[in-house]
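**Student:** Here it is, the structure, as structure tokens.
Taken together, the values in this text are just the output of simple stated rules run on the coordinates, not laboratory data. Computed from a predicted structure; not experimentally measured. So basically every Cβ, Gly included, is an ideal-geometry build from the backbone, and we count neighbours across all protein chains shown.
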Amino acid sequence: QVQLVESGGGLVQAGGSQRLSCAASRSIFSFSSVGWYRQAPGKQREWVATFTGGGRTNYADSVKGRFTISGDGAKTTVYLQMNSLKPEDTAVYYCNGRDYRGDYWGQGTPVTVSS
């Protein structure tokens, strides 16, 4: 069974940085893509960033230039480096892995950005 475990969330001041980690139970390159989504209170879950097996990355316009998604050398962890955080980045952040069977989700890690 595929497991994705996020960590690294917490409270940070606006303008600060935070790094989220997503530990996968198998190689991240075994997925067609691995990504991060977020869900703010009272809002729908939204896509944030994606990392594909070919090394391509894509970002939502709202985070482009501030967030960076990357994989580790051991190929089992995906990171989301978040810089210049804004209060509107406050949300629960979820790791997603996708393959031909469907989507896998972690339990989420909350990030709160104080103004």
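**Student:** How large is the charge dipole for the stretch 22-64, taken about the Cα centre, if only the Cβ atoms of Lys, Arg (+1) and Asp, Glu (-1) carry charge, to the nearest 20 debye? Intermediate values should be presented prior to the final figure.
**Tutor:** Details: 6 positive and 2 negative charges, 11 e Å.
In total the dipole reaches around 60 debye.
**Student:** Where nothing but the Cβ of Lys and Arg (+1) and of Asp and Glu (-1) is charged, how large is the charge dipole of the chain around its Cα centre, in debye to the nearest 20? Don't jump to the answer; show the numbers that get you there.
**Tutor:** Numbers: 12 positive and 8 negative charges, 26 e Å.
Rounded to the nearest 20 debye, it is 120 debye.
**Student:** If you don't mind, another one. Once both labels are modelled 7 Å past Cα along the beta-carbon direction, what's the residue 58-residue 115 spacing in nm?
**Tutor:** 3.2
**Student:** Just to confirm a number: summing +1 for Lys and Arg and -1 for Asp and Glu over residues other than residue 71 whose beta-carbon lies under 15 angstrom from that of residue 71, what do you get?
**Tutor:** Working: positive: 19, 26, 56, 75, 98; negative: 6, 72.
Net local charge, residue 71 excluded: +3.
**Student:** Based on a Kirkwood Rh over C-alpha pairs, give the Stokes-Einstein translational diffusion coefficient of the stretch 1-107 at 20 °C and viscosity 1.002 mPa s in µm²/s. Walk me through the intermediate numbers first.
**Tutor:** Working: Rh = 13.8 Å.
Translational D for this selection: 155 µm²/s.
**Student:** Using the beta-carbon distance between residue 1 and residue 98 and R0 = 25 Å, what value does 1/(1 + (r/R0)^6) give for FRET efficiency, to the nearest 0.05?
**Tutor:** Values: r = 16 Å, r/R0 = 0.63.
Computed FRET efficiency for residue 1 and residue 98 comes out at 0.95.
**Student:** Under a crude label model (7 Å from the Cα following the beta-carbon direction), how far is residue 45 from residue 17 in nanometres?
**Tutor:** 2.9
**Student:** While we're here: Please give the contour-minus-distance gain from residue 84 to residue 30: 0.36 nm per residue of separation, less the Cα-Cα distance, rounded to one decimal in nm. Walk me through the intermediate numbers first.
**Tutor:** On the way: separation 54, 0.36 × 54 = 19.44 nm, distance 3.16 nm.
Extra length available between residue 84 and residue 30 comes to 16.3 nm.
**Student:** May I ask you to list the trypsin sites (Lys or Arg not before Pro) in the stretch 31-96 that are in a DSSP loop and have at most 14 other Cβ atoms within 10 Å of their Cβ? Could the numbers behind the result be given before it?
**Tutor:** Details: sites: 38, 43, 45, 56, 64, 66, 75; in loops: 43, 45, 56, 64, 66, 75.
Within the stretch 31-96, the qualifying trypsin sites (Lys or Arg not before Pro) (loop, at most 14 other Cβ atoms within 10 Å) are 43, 56, 64, 75.
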